[in-house]
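Some notes on the structure that comes next.
The values are calculated or read from the model by the stated rules, or taken from the named source; none is laboratory data. As the structure is a computational prediction, the values presented were derived from the model and not from experiment. Neighbour counts run over all protein chains shown; Cβ positions are idealised from the backbone, glycine included. These accessible areas exclude ligands, DNA and RNA; they are computed on the full protein's heavy atoms, side chains included. Shrake-Rupley method; radii C 1.70, N 1.55, O 1.52, S 1.80 Å.
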Amino acid sequence: MPISGIADASNAEAIRQAARIIRDGRLVAFPTETVYGLGADAETSNAVARLFEVKARPRIDPLIIHVADIDSALHYGVFPDTALRLMQQFWPGPLTLVHRKTDLVPDIVTAGLFTVALRMPKNKTARALIKAAGVPVAAPSANISGRPSPTTAQHVVEDLGGKIPLILDGGPCEVGVESTVL
C-alpha cells in the first residue's frame, strides 16, 4: 500500500486520519520524544503482523505498547506499587516498564512472553494519536530492522516510503534515542 502522504502532526484532521488508519488495522508512523514510531493497533494481531512484515523485524522481538494514560496501562499490564510510583513520577516520558501482561495483549505483541512492555510517551502528537485511535498502539521504531532509528519524518520516508499509508511529521525528535527499559 503506497504512502498517501506526509501530514503535519499539528493538524487535528491529520491526527483523526491517522487514528482511523490505525483503527482500520493499518500502520502509521508518528513522532515521539525519543524516535519516530511505526504504530499499529496492539489488540489486532493482523495489524501487528503487518508491522513485523513492513519492518522486516523478527517475530521473536517483543514490541512496546504505547498508551495515552496510566489507567490504560493498567488494562494491559499487572504492576506492583513500585511500578505505579514510577509511572506517576516519570510518565509521560521516555520510560518503558516491563511487567506481567493481561489477557488483552495478543501473544504476537510479546513474542509469546508472559510480560509486556508499556510506555506513555511525552510527545503531544503521540498521545493525541493514541487517544484519538482509542486503542493501545504497538510501536517500535519506524525503520527497517537493523537500520538507525529515525528522528525525522524524512528518515521514515527513506526506510519505509511506499510501505505505509501515512507519516505524521512532528519535526525532529527531542531525545533522539529509544526509551529506557526497566
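Of all lysines in the structure, those lying under 28 Å Cα to Cα from residue 101, and not within fewer than 8 positions of it along the same chain, are 55, 122, 124, 131. The share of Cα pairs per 10 Å bin across the chain, counted from zero up to the longest distance, runs 11, 43, 37, 9, 0 percent.
Grab the Cα-Cα distance for residue 11 and residue 104, subtract it from 0.36 nm times how many residues apart they are, and report the gain in nm with one decimal. Working shown, then result.
Values: separation 93, 0.36 × 93 = 33.48 nm, distance 3.14 nm.
Stretched out fully, the residue 11 to residue 104 stretch lengthens by 30.3 nm.
Comparing 82, 44, 34 in a Gaussian network model of the chain (Cα springs below 10 Å), the most mobile by mean-square fluctuation is 82. Dipole orientation for segment 93-182: of the candidates 175, 146, 104, 104 has the Cα lying most toward the positive pole (charges on Cβ; Lys, Arg +1; Asp, Glu -1).
Quick one: compute the contact order of the chain, relative version, from alpha carbon pairs under 8 angstrom and 6+ residues apart, as a percent. Show your work: numbers first, answer last.
On the way: 428 pairs, mean separation 71.9, N = 182.
It rounds to 39 percent for the chain.
Relative to the longest principal axis of the Cα atoms of the chain, the long axis of helix 81-90 makes an angle of roughly 40 degrees. Sort out for me the Cα centre separation of segment 48-69 from segment 128-160, rounded to whole Å. After rounding, the separation between the Cα centres reads 10 Å. Of the residues 40, 67, 52, the one whose Cα sits farthest towards the positive end of the charge dipole of segment 33-77 is 52 (charges of +1 on Lys and Arg Cβ, -1 on Asp and Glu Cβ, taken about the Cα centre). About its Cα centre, the dipole of segment 84-182 is roughly 360 debye, where the only charges are +1 on Lys and Arg Cβ and -1 on Asp and Glu Cβ. Across segment 136-171, the residues whose backbone nitrogen lies under 19 Å from the label position 7 Å along the beta-carbon direction of residue 56 are 140-151, 155-165.
Could you calculate the contour length gain from residue 90 to residue 145, that is, 0.36 nm times the residue separation minus the distance between their Cα atoms, to one decimal place in nm? Don't jump to the answer; show the numbers that get you there.
On the way: separation 55, 0.36 × 55 = 19.80 nm, distance 2.80 nm.
Gain on stretching residue 90 to residue 145: 17.0 nm.
About the Cα centre of the chain, how large is the charge dipole given +1 on each Lys and Arg Cβ and -1 on each Asp and Glu Cβ? Please answer in debye to the nearest 20. Walk me through the numbers on the way to the answer.
Working: 18 positive and 18 negative charges, 24 e Å.
Here the chain has a charge dipole of around 120 debye.
Note on residue 24 and residue 124: the model spin-label points, each 7 Å out from Cα along the C-beta direction, lie 2.7 nm apart.
As a rough guide to protection, the peptides 121-129, 102-110 ranked by mean Cβ packing within 10 Å, highest first, stand as 121-129, 102-110. Accessible surface computed residue by residue for the chain, with neighbouring protein chains in place and a 1.4 Å probe, gives 45 Å² per residue. Pairs of Cα atoms nearer than 8 Å and 6+ residues apart set the relative contact order; for segment 96-173 it is 20 percent.
Rounded to the nearest 10 degrees, the angle from helix 45-55 to the longest Cα principal axis of the chain is 60 degrees.
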